[in-house]
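Asks: The structure that follows is given in the form of structure tokens.
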Amino acid sequence: MASHFSPATTLKPKQNPLQIILSFRDSSGGGSVCAKCRPKRVSVVTWSSAASYVRLQDGVAKFSGKPILTKHVSNRRGGIVRAATIEEIEAEKSSIEKDVKERMEKTIETVRTNFNSIRTGRSNPSMLDKIEVEYYGTPVTLKSIAQISTPDASSLMIQPYDKSSLKAIEKAIVSSDLGMTPNNDGDVIRLSLPQLTSDRRKELSKVVAKQAEEGKVALRNIRRDALKAYEKLEKDKKLSEDNVKDLSSDLQKLIDEYMKKIETIFKQKEKELLKV
């Protein structure tokens, strides 16, 4: 799996680099001035090109080097005029890309956690991942204050590191939507998983489908935010319209990839639920 957007997002120079003839005019707007009278400060107005440097030679601006964006630049002494480089552009683009990937990974992890909390008829410690216990006035996850094991395929055993928390753990389980009754013997808590009925399996399948759709909506929102960020760069003259189109295309491919991930883990969970 690729860890970055495809190379197509790189701003590539055109096959025939632009050459721009600059006419140096005096402040009164008159005609061209001779090289001897040419002002020390020469302004190069906005241009669009695929180069990062402009070399001024006898009134000719030749583009060469790395890609740039539309940019206002000036030269105080004549010679080379520097514009925005690909490194500067890549830094901003990479920041957006990094945020997109981090948020999408968190979305996938959230979907997995939600799926794991739904029991399928077989015991699994991850079923208790979402259980929070009020421990000395602070809500903490159950797995952070107790060891959870599976003695067999239809039961769970919870052994707290601090036995004084047994009552609080028992209360948290009863208050949850697990639908299981805890058995507290003073040392550990045991949970027996009742067999799921056909109707209950179908109900849980609908819950899983809803959680999968919520994950997909989250991915679409991430795409929306990234597109807005690209559009802002275009508005600030840091990306061209073609650049934004290329980046948007790559972004869509990445979103499609993560959509497939959600669909895959959804199908797996659905299969577990409906398997008798």
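The values are calculated or read from the model by the stated rules, or taken from the named source; none is laboratory data. Source: prediction; values computed, not measured. Here the Cβ positions follow ideal geometry from the backbone for every residue, glycine too, while neighbour counts run over all protein chains shown. Please note that ligands, DNA and RNA were not included when accessible areas were found on the heavy atoms of the full protein model with its side chains. Shrake-Rupley method; radii C 1.70, N 1.55, O 1.52, S 1.80 Å.
Asks: Which aspartates and glutamates, if any, have their Cα less than 16 Å from the Cα of Lys171, not counting same-chain residues under 8 positions apart?
Replies: Reachable aspartates and glutamates: Asp129, Glu132, Glu134, Asp162, Asp185, Asp187.
Asks: Moving on. Would you mind getting me the FRET efficiency between Tyr161 and Met259? Use the beta-carbon distance for r and R0 = 35 Å, nearest 0.05.
Replies: 0.30
Asks: Could you state, as a whole-number percent, how many of the C-alpha pairs of the stretch 189-257 are farther apart than 13 Å?
Replies: Value for the stretch 189-257 (Cα pairs over 13 Å): 74 percent.
Asks: Under a point spin-label approximation (7 Å from Cα along Cα-to-Cβ), what is the Lys245-Ser176 distance to one decimal in nm?
Replies: 5.2
Asks: According to a simple spin-label model (label point 7 Å from Cα along Cα-to-Cβ), what is the distance in nm between Asp236 and Val207?
Replies: Result: 4.5 nm between the two label points.
Asks: Here is a follow-up. With a cut-off of 8 Å between alpha carbons and a minimum separation of six or more residues, what is the relative contact order of the stretch 157-276 in percent?
Replies: 24
Asks: What fraction, in whole percent, of alpha-carbon pairs in the stretch 123-258 exceed 19 Å separation? Each step should come with its number before you reach the end.
Replies: Values: 5935 of 9180 pairs.
Considering the stretch 123-258, 65 percent of its Cα-Cα pairs are separated by more than 19 Å.
Asks: Quick one: ranking Met157, Met180 by accessible area, 1.4 Å probe, largest first, what do you get?
Replies: I get Met157, Met180, largest accessible area first.
Asks: Pulled fully out, how much extra length does the chain show between Arg224 and Lys106, if you take 0.36 nm times their separation in residues and subtract their Cα-Cα distance?
Replies: Result for the pair: 40.8 nm of gain on full extension.
Asks: Counting each pair of different Cα atoms once, what's the Kirkwood radius of the stretch 83-149 in Å, rounded to one decimal? Before the final figure, lay out each step's value.
Replies: Values: mean 1/r = 0.0654 Å⁻¹.
For the stretch 83-149, the Kirkwood estimate is 15.3 Å.
Asks: If you don't mind, another one. If you count only protein heavy atoms and use a 1.4 Å probe, how large is the accessible surface of Thr110, to the nearest 10 Å²?
Replies: 80
Asks: Let me check something: with ligands and nucleic acids excluded, how do Glu92, Glu109 order by accessible area (1.4 Å probe), largest to smallest?
Replies: Glu109, Glu92
Asks: Another question, if that's okay. What does a probe at Val140 reach in the stretch 160-180, counting residues whose amide N is under 20 Å from the point 7 Å along Cα→Cβ?
Replies: 160-176, by backbone N distance to the label point.
Asks: Express the accessible area of the stretch 114-173 per residue in Å², computed with a 1.4 Å probe while the remaining protein chains stay in the model.
Replies: About 52 Å² of surface per residue is accessible.
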